[in-house]
Amino acid sequence: SVARRARAVAVADQRRAAKREEATTRKAVAVLQGAARAAASRRTAAGRRALRDDRYAAEAAFEAAALELERLAAERERAEEKARLAKEQAARDAERARAKAAADERAARARRRAAAAKIQSVARGRQLRVWMAWEAARQAEEAANAEAENDLAWRAWAASTVQAWYRGLVRDQGEANEEAWREWAAASIQTWYREKLAIWNVELANAIWQRQRDAEVETSRRRADADAAAAAAADDTRDWVASLAHDAARPAARPRGAKAPPIRPESDDESVAPDADIDDFDEDDADDVAKLFTFVRHGRKDKLKTFCQNGFDTNLRNAHGHTLAMCAAQNNQKGVLKVLYKYGVEINEQDYKGNTALHYAQQYGYTALAEYMIAKLGADERVVNRNGATCWISVDETG
């Protein structure tokens, strides 16, 4: 825009200078023509004097016109120079703007690449640490023995290699040196190949372990659900048998055609004294923990509230590393989450995969529950799991 305004000003100055020059020229020509006509009409001495005076006046006018033309030419040159300078300045400004835009774009691309590389590095580092911990727990004793034997073997091999190389170097400098360098190159290539093979094996083992672990978690969860259902069926059966025994032990027989009185369900009122299960609850007993998680899974807020009033840990975990809040989110138990939140549950606790209760609510399709947890229970939607995914990115999308 600056360059266009400068060019417009320069063109306007050139047009005004050309018009002034043309007017001055016409004026000088008219003066000369008038002088010529006056000279032709005068034949007398007075006419010749007048002609001489007119010629002098015409010459003076012509000189003035020439000076005016020179001044106008100088002004036009200054206008052209000003326009040229303005055009060059505009070109320089445009070039600086393009260079700045290109530098900003390169910096933005570099920042995006750095952020992506950092996220990928963190994800790979977490996967490698998990696999290394599992492998170390399984092969601790074997690794110690193998490391000692391997260390001795490598020392013996290194000593023999150095001695052989030194003897060969002393015996024949040229040929032995070339042979040693060939051996060193071969050993380097073999070492590089072993490292690549080891990395590939680590990644393959990590993927296999991850699939096996996911299958084991899913199998354990299904087994726990089946056990809970069997326990509930057994409780119902015991209640039914007890009611039958109670009816059989009554002294008075019911009249024929009379209906049996309904069986009263067990009272779950909070005013009743705590259950014996609560008094005997042991956080280290897997059966007691499974029973408590069954209450959460089936929405038994009354039982859970009684446990909370007795001061047990609301952040208790089961054998799969899941908290009570995660179990409630997996089963869309909003009321249970309210009770746990009231008694101080840590809603943003993570399991061994890095998932929170909010991750599981979204993963199981309970979007309304997830939004409620964010709005009312303090769930943090920015927490990422081991794969670097938030609750709004499903497990399938993160691989």
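The values are calculated or read from the model by the stated rules, or taken from the named source; none is laboratory data. The structure displayed is predicted, hence computed values, not measured ones. Because the Cβ atoms are built from the backbone with ideal geometry, glycine has one as well, and the counts that use them run over all protein chains shown. To get the accessible areas, we keep the full protein, side chains included, count just its heavy atoms, and leave off ligands, DNA and RNA. Shrake-Rupley method; radii C 1.70, N 1.55, O 1.52, S 1.80 Å.
General observations
- When the residues of the stretch 140-178 are filtered to those that are farther than 18 Å from SER188 by Cα and of a type in the set (Asp, Glu), the one that is surrounded by the most Cβ atoms within 10 Å (Cβ to Cβ) is ASP172.
- Top-ranked residue in the stretch 199-228 [being of a type in the set (Gly, Ala, Ser) and surrounded by 13 or more Cβ atoms within 10 Å (Cβ to Cβ); ranked as modelled with the lowest pLDDT]: ALA205
- Residue in the stretch 7-40 that is nearest to GLU88 (Cα to Cα), counting only those that are touching a residue at least 40 places away in the same chain (Cβ under 8 Å) and among the basic types (Lys, Arg): ARG7
- Looking only at residues of the stretch 1-35 that are over 23 Å from LEU72 (Cα atoms), open to solvent by 60 Å² or more (accessible area, probe 1.4 Å) and part of a helix (DSSP H, G or I), we find that the one that is modelled with the lowest pLDDT is VAL2.
- Those residues of the stretch 69-84 which are under 60 Å from the mean Cα position of the chain (by Cα) and either open to solvent by less than 90 Å² (accessible area, probe 1.4 Å) or among the small types (Gly, Ala, Ser) (or both), in sequence order: ALA79, GLU80, GLU81, ALA83
- Residue in the stretch 98-113 that is modelled with pLDDT under 80 and either under 23 Å from VAL384 (Cβ atoms) or open to solvent by 100 Å² or more (accessible area, probe 1.4 Å) (or both) present: no
- Only residues that are under 12 Å from the mean Cα position of the chain (by Cα) and of a type outside the set (Lys, Arg) were counted in the stretch 100-121, giving 6.
- Taking the stretch 291-399 and the helices (runs of 4 or more DSSP H) fully enclosed by it, the elements with 1 or more residues that are open to solvent by 70 Å² or more (accessible area, probe 1.4 Å) are at 301-309, 334-342, 357-363, 367-376, 395-398.
- Cβ pairs under 7 Å, 6+ apart, first in the stretch 91-114 and closer than 27 Å to ARG7 by Cα, second open to solvent by 60 Å² or more (accessible area, probe 1.4 Å) and part of a helix (DSSP H, G or I): ASP93/VAL2
- Selection within the stretch 124-173 - within 24 Å of ASN201 (Cβ to Cβ), without any contact (Cβ under 8 Å) to a residue 12 or more places away in the chain and of a type in the set (A, V, I, L, M): MET132, ALA133, ALA136, ALA137, ALA140, ALA143, ALA144, ALA146, ALA148, ALA153
- The set of residues in the stretch 279-304 that are more than 20 Å from GLN330 (Cβ to Cβ) and in contact with a helix residue (DSSP H, G or I) (Cβ under 6 Å, 6 or more places away or on another chain) comprises PHE281, ASP282.
- When the stretch 300-338 is filtered for residues that are aromatic (Phe, Trp, Tyr) and within 18 Å of GLU349 (Cα to Cα), only PHE312 remains.
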